[in-house]
Amino acid sequence: MTHNTVDIPYIKSLTERCSQCDAVSWGLTDEGKYYCTSCHNVTDRSEEVVSTAVIPNTKINSISRGLRKRSKHEKGWDWYVCEGFQCILYHQAEALETLGVGTELKNDVLHNLWKRYLQKSKQAYCKNPVHTRGRKAKVLEDNLQSSDWASELELLSDTSCPLESGAEFQSDPQIPKPFPVTKVSPKSEAADICSGSVDGVEYSEWKEKGILKMTVPRTLALCYLSLLWQRETITLSDLLRITILILSFLKFQSWPDYEDIYKNMIEVAIFLDLPRFPDVTEDCYLHPNILCMKYLLELNLPDEMHSLTCQVVKMTGIGEVDFLTFDPIAKKKRTVKYDVQAVAVIVVVLKLLFLLDDKLEWSYSGLAEAYNEEHTEDKPQFDFRKWYQVMKKTFDEKRQKWEEARAKYSWKTKRPIYRSHIDKSVAYKRREMVENLQKQFSALVGSTPVVEKKNPSSFQFNWTEGDTDNPCFHGHSLQGLLKTKGQSLITKNSLYWLSTQKFCKSYCKHVTTYEESNFSLSYQFILSIFSFLLRVKTSILHEEVSLIEKKLFEKKYSESKKRSRPKKLRRH
């Protein structure tokens, strides 16, 4: 919180002693609150508006007559665009800490990523940082030795920092190009005032080859890079799902998109020239074996499916350390969507068990239902039809609540927005009046107080044994779907159909466009609820399923793609 400087040494209208240091020396904060100039303790008392109790017919009384007159030239602190993004990153890191992320992410990893970006973009930590409107750089050659610039650079190249173990920070020997020095028009001057920053117009017009300008989506990309470096238990889909908490202090009019943030993450990592990230091993949360177990619990599927998902991971090679570890500077860059990949493995296993052709899964469901009726005391067999009914009802309710919450979401900041120092006191006064009126009306109508929102969890669903409305299928058996062959168990179903028959002929090898009408209703339902769980587009999950199938059935895929019409493959 910043404190305003005032024309008189102290505020004399408050004569109470400070509860911390027992001094009588008060100043005013930007929000109009009293603070002690000795120990900087901020009180709840306000100079602008008297706090009113919840009593009918009360009035908001102003006691601003004793305030000083504001100087005409006082405009608060000047700030630059990069400082604005730094504030956003700070609040994002603070929000992640409330979710259980360690302080090392903010103090070490994200801090050094941001410093590295400032140096790479030539905005700081270099001899001649980019400046605006022809202003000379504050760091001059003659006083470089006495400034803290050299010590900051040493801090950047400190090998004790985890991010800099593979590559040291070096100052760019090339003299950076300044922002275009043009005559500032009144229109540009007004735009600067509206944006609030000193260099808003120049930054928006700044174009230099090889420079990646910072945006709000790229701040989320930096947060995810930090989480990935620390190998935290938060995936990209989790980060975007809880983004309301992270971005609650900002004003936005669109929701972050998974694919957009993912592409920005790769661009930022390449621009920063980051070294190979820490290895993703079998005991890491991002390993597909662990993520598959997590999503099996989330999707209310039998625990016995985990052994099958592990086999698919092993056969396709997607569990290898080199495949999973992110290396931005490698010649053959390999990027993995860890959460989408894990869910795609589960989809493949479901196709191995039930085929999902709108026929076989319902046939198996009838057999499982008959078995469970005859053997009520035994371990129940997994009934796909019953699971389908439970999941459809649950996900429909969840999706409806989610859509309603998005529709009702207020795109407003908690703090009042004002364009100039003249409007600030009015904005805070209006906000406080609105809050007091809301409390009074709530008390009059007897409405219950708003319950504080709980911190979001990595799990969106909680399935418990004994719940008749939403039964839990975790402990159900796959006995009716497997058979013994030698010393191993294999699926009774010997057929499989490929989700994508043809890939692009170009080097990218991407799958063709996903069209729902080309696939069975069961497959559409599976992709629908699974993609909603991750808050991703259905086509993204379908593409990941196709890529895993291509690895799993590489030989049979190469044979089938020569055929004119898609046919089911026999696996064994």
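The values are calculated or read from the model by the stated rules, or taken from the named source; none is laboratory data. Computed from a predicted structure; not experimentally measured. Protein only, heavy atoms only, side chains kept; ligands, DNA and RNA dropped before computing areas. Shrake-Rupley method; radii C 1.70, N 1.55, O 1.52, S 1.80 Å.
Within the assembled protein chains, the solvent-accessible surface assigned to Leu297 is about 60 Å², based on a 1.4 Å probe. Under 5 Å between amide hydrogens, built in the peptide plane, is the criterion, and for Trp26 it picks out Ile11, Thr37 among residues at least 5 positions away or on other chains.
Using 0.36 nm times the number of residues separating Leu444 and Thr103, minus their current alpha carbon distance, what extension gain do you get? Can you show the working numbers first?
Values: separation 341, 0.36 × 341 = 122.76 nm, distance 4.40 nm.
That works out to 118.4 nm of additional length.
Taking the 1.4 Å solvent-accessible surface of the range 331-389 as the whole, the part contributed by carbon and sulfur is 46%. The heavy atoms of Asp257 offer some 60 square angstrom of accessible surface to a 1.4 angstrom probe.
Please calculate how many Å² of accessible area the range 250-338 carries per residue, with a 1.4 Å probe and no DNA, RNA or ligand atoms counted.
Details: 3970 Å² over 89 residues.
I get 45 Å² per residue for this part.
Taken one residue at a time, the phi angles of the range 269-284 give Karplus couplings (6.51, -1.76, 1.60, θ = phi - 60°) of 4, 5, 4, 7, 6, 6, x, 4, 6, x, 4, 9, 9, 5, 8, 8 Hz. Gly and Pro are set to x. Here Cys21 sits with roughly 60 square angstrom of accessible surface, probe radius 1.4 Å. Distant-in-sequence amide contacts of Arg45, defined by a placed amide H-H separation under 5 Å and a gap of 5 or more residues or a different chain, comprise Tyr34. For the range 518-539 and the range 304-318, compute the distance between their C-alpha centroids and round to whole Å. About 21 Å separates the Cα centre of the range 518-539 from the one of the range 304-318.
Taking the three principal axes of the alpha carbon atoms in the range 349-388, the coordinate ranges are 31, 17, 14 Å, sorted in descending order.
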